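Here's the structure, in structure tokens; my notes come after.
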Amino acid sequence: MFAFTEENERKFEEILSRFPAENRMAATLPTLWLAQEQHGWLPPEVLKYVAERVGVTPAHVLGVATFYTMYLTKKPGEHLLEVCTSVSCCLTGGRETLKLLCDKLEVLPGETTSDGKFTVRAAECLGSCDTSPMMQVDNDVFVENLTPEKLDALIDELKGQPWGTRTKLASFCAAGNRRS
Ligand code: FES
């Protein structure tokens, strides 16, 4: 049964302390994020746990979790690769990059590789238009100015990083990324 770790219990208390008791519902988003960071995704039992802890209905939590694309209500692969296909990225090859990535991994957008290692999705603008085409890895790291060679190197690097380890892409960040 899912429950916050001791450390995340402390983080949850800190989240609650940011909101007045009558607006506790506002803690839903950061609590979902905390639960997802711990579990990797948000199956029904984790959504129910969040609802109980925040003190809101399961329907409210489900509504929030399915509205925002950063919450994963379906189990992803060990690494989530989200290629931006909004306007700026499209102009510089975002859609072609998504297709190339899908071809390399033999999946369609939204699918997970047969070994469970990668899930590939299209994403809306991630706010890094000036370094397009770009993608976000594991809901966290930006990999920017994508090229076919960079995709190959990225896949190789991620293959050695199992789920549960904080994604590290130092070689890509050194090449001009703003987040790591
Ligand atoms: S359009 Fe791709 S990051 Fe903005």
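The values are calculated or read from the model by the stated rules, or taken from the named source; none is laboratory data. Here the structure is a predicted model, which is why all the values come from computation and not from measurement. Because the Cβ atoms are built from the backbone with ideal geometry, glycine has one as well, and the counts that use them run over all protein chains shown. Accessible surface is based on the protein model in full, side chains and every heavy atom, while ligands, DNA and RNA are left aside. Shrake-Rupley method; radii C 1.70, N 1.55, O 1.52, S 1.80 Å.
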Output for Cβ contacts, cut-off 8 Å, separation at least six or different chains, first residue within 18 Å of Gly116 (Cβ to Cβ) in the stretch 34-46, second open to solvent by 50 Å² or more (accessible area, probe 1.4 Å) and hydrophobic (A, V, I, L, M, F, W, C), reads Gly40/Trp163
Of (1) touching an Asp or Glu at 6+ places or on another chain (Cβ under 6 Å); (2) within 14 Å of the ligand (Cβ to nearest atom); (3) open to solvent by less than 50 Å² (accessible area, probe 1.4 Å), Lys117 satisfies all except one. Which? (2)
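Are any residues in the stretch 105-140 of a type in the set (Ser, Thr, Tyr) and touching a Pro at 6+ places or on another chain (Cβ under 6 Å), and if so, which ones?
Scanning the stretch 105-140 gives a single hit, Thr119.
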For the condition assigned to a helix (DSSP H, G or I) and modelled with pLDDT of 90 or more, what is the one hit in Leu98, Leu108, Leu146, Leu126? Leu98
Which pairs have Cβ atoms under 8 Å, sit 6 or more apart or on different chains, and link a residue in the stretch 119-147 that is among the basic types (Lys, Arg) to one that is surrounded by 20 or more Cβ atoms within 10 Å (Cβ to Cβ) and in a strand (DSSP E or B)? Arg121/Leu80; Arg121/Leu81; Arg121/Glu82; Arg121/Val83
Under the condition of being surrounded by fewer than 23 Cβ atoms within 10 Å (Cβ to Cβ) and closer than 14 Å to Asn145 by Cα, which residue from the stretch 83-104 is farthest from the ligand (Cβ to nearest atom)? Glu96
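Suppose we filter the stretch 127-157 for residues that are open to solvent by 50 Å² or more (accessible area, probe 1.4 Å) and within 11 Å of the ligand (Cβ to nearest atom); how many remain?
3
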